[in-house]
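Report on one structure; see the data block that follows.
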Amino acid sequence: MLLDGCDENAVAQAADRLAAGELVGFPTETVYGLGARADDDAAVAKVFAAKGRPVDHPLIVHVTDAAAARPFAAEWPAVAQRLCAAFWPGPLTVIVLRRPGMAAASAAGQDSIGLRCPAHPVAQALLRAAAQRGVAGVAAPSANRFGRISPTQALHVVEEFGDALLVLEGGACEGGIESTIVDCSRGRPVLLRPGVLTLAQLEAAAGEPVHARDAAAPRASGTLEAHYAPRAKLRLMTSDALRAALQVPGRPPLKLAVYSRTVPKSAAPGVNHRVMPMQAVQAANELFSTLRELDAEGAHLIWVEEPPATPEWAGVRDRLQRAAAS
Ligand code: TXA
Ligand code: MG
């Protein structure tokens, strides 16, 4: 059931469902989320079941503001404070040590918890309405089945979970890839998942280096090697390799789609060709919806031209590498 997220009554209805321990789909500025009240282990279990997500993969808890985040944390490190002050509400998730007893199922048993205050007005309205009903935080992974592409439009959520789920319509997500995750729970900040915020922006706000993740980082679904996969096989190629492959004489592979940064001079017949925006922010915005469209158009194979290895492309490159690993 798709309801207008700008309609107060629809938001109230969604908040009622959350309060009753039901699931709700809602927009954020990154991707759509599948929410459940974070303090209700049975409600959170429904999220894992609906997604087919392994139970040891923690969920992010969404809150109205930094003050609402604090009760979930055992401690609130200065660096988390600085990052949240700079980017909340916005596309940043911080991992901090969890206050024992809080949102245990959401945290999948970890001693830490991921917290995020989303900027999307519909998400904000829903979180505030839920808070009025005693829901202090909403656990929400991306509203897709495990391993699949995150939804950036309300209809994608309906595609994933069917019409029984109440989904608040909030338009196409502005960010298009999931939030940047910084682990602030282990002494020094570690970037667990790149998003649209650049490392330079994070470090400027943190006032200290933000480190790359290493083998000691917790295993987490968004950080698995293979994830965000379209149904088609995706192959990430350098510009040269792509050009060479397209010049091979004869028929191109059947049901081939090409997602490249440059338009080839002569497109081979039968190849579904898309052009990736030259700006990273725009490319992130379109990435998942383009992959979904190519799937829907019947592609069996997608050749993607690798974006530049520069910091602003880190989020898009990360998602493409994982899609290619599936
Ligand atoms: O943009 C987003 O973050 C979206 C929207 C809905 O807010 N949510 C999202 O959730 O992407 P999900 O579940 O698809 O990805 C959450 C990521 C996973 O990689 C998860 O393992 C990690 O956050 N995570 C959550 N809590 C964690 C924790 N305590 N320690 C380490 N990683 C954690
Ligand atoms: Mg996800």
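The values are calculated or read from the model by the stated rules, or taken from the named source; none is laboratory data. A quick note: this is a predicted structure, and the numbers were derived from the prediction, not measured. Here Cβ is always computed from backbone atoms with ideal geometry, including for glycine, and neighbour counts include all displayed protein chains.
Among the listed residues Ala45, Ala49, Ala80, Ala12, which satisfies the condition of being assigned to a helix (DSSP H, G or I) and either away from ligand 1 (no atom under 15 Å from the Cβ) or closer than 22 Å to Arg128 by Cα (or both)? Can you show your working first?
On the way: Ala45 fails: either away from ligand 1 (no atom under 15 Å from the Cβ) or closer than 22 Å to Arg128 by Cα (or both); Ala49 fails: either away from ligand 1 (no atom under 15 Å from the Cβ) or closer than 22 Å to Arg128 by Cα (or both); Ala80 fails: either away from ligand 1 (no atom under 15 Å from the Cβ) or closer than 22 Å to Arg128 by Cα (or both).
Only one candidate passes the filter, namely Ala12.
Do we have Leu197 as outside the structural domain of Gln279 (by TED's automatic domain parsing) and farther than 14 Å from Ala284 by Cβ here?
On the way: outside the structural domain of Gln279 (by TED's automatic domain parsing): yes; farther than 14 Å from Ala284 by Cβ: no.
For Leu197, the condition - outside the structural domain of Gln279 (by TED's automatic domain parsing) and farther than 14 Å from Ala284 by Cβ - is not met.
Which residue out of Gly162, Gly147 is of a type outside the set (D, E, K, R) and within 16 Å of ligand 2 (Cβ to nearest atom)?
Details: Gly162 fails: within 16 Å of ligand 2 (Cβ to nearest atom).
Exactly one residue qualifies, and that residue is Gly147.
Please find, among Arg261, Arg292, the residue that is touching a His at 6+ places or on another chain (Cβ under 9 Å) and charged (D, E, K, R). Even if it seems obvious, please write down each step before you answer.
Values: Arg261 fails: touching a His at 6+ places or on another chain (Cβ under 9 Å).
The match here is Arg292.
Does Ala139 fit the bill of being modelled with pLDDT of 95 or more, of a type in the set (A, V, I, L, M) and farther than 16 Å from Tyr228 by Cα? Explain how you work it out, then say what you get.
Numbers: modelled with pLDDT of 95 or more: yes; of a type in the set (A, V, I, L, M): yes; farther than 16 Å from Tyr228 by Cα: yes.
Yes: the conditions hold for Ala139.
Only one of Phe48, Phe72 is away from ligand 2 (no atom under 16 Å from the Cβ) and either at pLDDT 95 or above or surrounded by fewer than 22 Cβ atoms within 10 Å (Cβ to Cβ) (or both); which? Full working, then the answer.
Numbers: Phe48 fails: away from ligand 2 (no atom under 16 Å from the Cβ).
So the residue among Phe48, Phe72 that is away from ligand 2 (no atom under 16 Å from the Cβ) and either at pLDDT 95 or above or surrounded by fewer than 22 Cβ atoms within 10 Å (Cβ to Cβ) (or both) is Phe72.
Out of the residues in the range 277-308 meeting the condition of being of a type in the set (A, V, I, L, M, F, W, C) and closer than 14 Å to Arg319 by Cα, tell me which one is surrounded by the fewest Cβ atoms within 10 Å (Cβ to Cβ). Reasoning before the result, please.
In the first step, residues of the range 277-308 are kept if they are of a type in the set (A, V, I, L, M, F, W, C); the result is 278, 280-281, 283-284, 287-288, 291, 294, 296, 299, 301-304.
Keeping just the survivors that are closer than 14 Å to Arg319 by Cα gives 280-281, 283-284, 287-288, 291, 304.
Values: Ala280: 21, Val281: 14, Ala283: 23, Ala284: 26, Leu287: 26, Phe288: 27, Leu291: 28, Val304: 24.
Going through the qualifying residues, I end up with Val281.
Filter the range 300-326 down to the residues that are outside any helix (DSSP H, G or I), in contact with a helix residue (DSSP H, G or I) (Cβ under 9 Å, 6 or more places away or on another chain) and of a type in the set (A, V, I, L, M) and list them by number.
If we filter the range 300-326 for residues that are outside any helix (DSSP H, G or I), which is where we start, we get 300-310, 326.
From what is left, the residues that are in contact with a helix residue (DSSP H, G or I) (Cβ under 9 Å, 6 or more places away or on another chain) are 302-310.
Hits for the range 300-326 are Ile302, Val304, Ala309.
Given the criterion assigned by TED's automatic domain parsing to the domain that holds Val24 and buried (at least 19 other Cβ atoms within 10 Å of the Cβ), identify the matching residue among Val55, Val96.
Values: Val55 fails: buried (at least 19 other Cβ atoms within 10 Å of the Cβ).
Result: Val96 is the single residue among Val55, Val96 that is assigned by TED's automatic domain parsing to the domain that holds Val24 and buried (at least 19 other Cβ atoms within 10 Å of the Cβ).
Quick one: what pairs do we get from the range 47-66, first residue farther than 28 Å from Phe87 by Cβ, second assigned to a strand (DSSP E or B), C-beta under 8 Å, 6+ apart or different chains?
These pairs meet every condition: Ala50/Leu34.
Restrict the check to the range 185-193 and report whether at least one residue is modelled with pLDDT under 95, within 21 Å of Gln81 (Cβ to Cβ), out of contact with any helix residue (DSSP H, G or I) (no Cβ under 8 Å at 6 or more places or on another chain) and within 12 Å of ligand 1 (Cβ to nearest atom).
The answer is yes; a qualifying residue exists.
Taking Ala103, is it in contact (Cβ under 8 Å) with a residue 40 or more places away in the chain, touching an Asp or Glu at 6+ places or on another chain (Cβ under 7 Å) and away from ligand 2 (no atom under 16 Å from the Cβ)?
The answer is yes for Ala103.
Would a scan of the range 138-156 turn up a residue that is out of contact with any Ser or Thr (no Cβ under 8 Å at 6 or more places or on another chain), among the small types (Gly, Ala, Ser) and more than 11 Å from ligand 1 (Cβ to nearest atom)?
Yes - at least one qualifying residue is present in the range 138-156.
Out of the residues in the range 120-140 that are touching a strand residue (DSSP E or B) at 6+ places or on another chain (Cβ under 6 Å) and part of a loop (DSSP other than H, G, I, E, B), which is nearest to ligand 2 (Cβ to nearest atom)?
Ala140
Which one is surrounded by the most Cβ atoms within 10 Å (Cβ to Cβ) among residues in the range 309-326 that are of a type in the set (Lys, Arg) and at pLDDT 95 or above? Talk me through it step by step, then tell me what you get.
Start the filter on the range 309-326 by keeping residues that are of a type in the set (Lys, Arg), which leaves 317, 319, 322.
Keeping just the survivors that are at pLDDT 95 or above gives 317, 319.
Numbers: Arg317: 18, Arg319: 25.
Applying the filter and picking the extreme gives Arg319.
Looking at (1) surrounded by 21 or more Cβ atoms within 10 Å (Cβ to Cβ); (2) on the phi < 0 side of the Ramachandran plot, which is the only condition Ala103 fails?
It is condition (2) that Ala103 fails.
Do we find a residue being crowded, with 23+ Cβ neighbours inside 10 Å, of a type outside the set (D, E, K, R) and assigned to a loop (DSSP other than H, G, I, E, B) anywhere in the range 156-166? Even if it seems obvious, please write down each step before you answer.
Taking the range 156-166 and keeping what is crowded, with 23+ Cβ neighbours inside 10 Å, we get 156-157.
So of that shortlist, the ones also of a type outside the set (D, E, K, R) come out as 156-157.
Going one step further and asking which of them are assigned to a loop (DSSP other than H, G, I, E, B), we end up with none.
No, every residue in the range 156-166 fails to be crowded, with 23+ Cβ neighbours inside 10 Å, of a type outside the set (D, E, K, R) and assigned to a loop (DSSP other than H, G, I, E, B).
Could you check Ala131 against (1) over 17 Å from the mean Cα position of the chain (by Cα); (2) near ligand 1 (Cβ under 10 Å from one of its atoms) and say which number it fails?
Among (1) over 17 Å from the mean Cα position of the chain (by Cα); (2) near ligand 1 (Cβ under 10 Å from one of its atoms), the lone unmet condition for Ala131 is (2).
Give the residues of the range 60-87 that are among the small types (Gly, Ala, Ser) and closer than 15 Å to Arg186 by Cβ, sorted by residue number. If you could, list the steps in order and put the result at the bottom.
Kept after step one, since they are among the small types (Gly, Ala, Ser), are these residues of the range 60-87: 66-69, 73-74, 78, 80, 85-86.
Those that are among the small types (Gly, Ala, Ser) and closer than 15 Å to Arg186 by Cβ: Ala73, Ala74, Ala78, Ala80.
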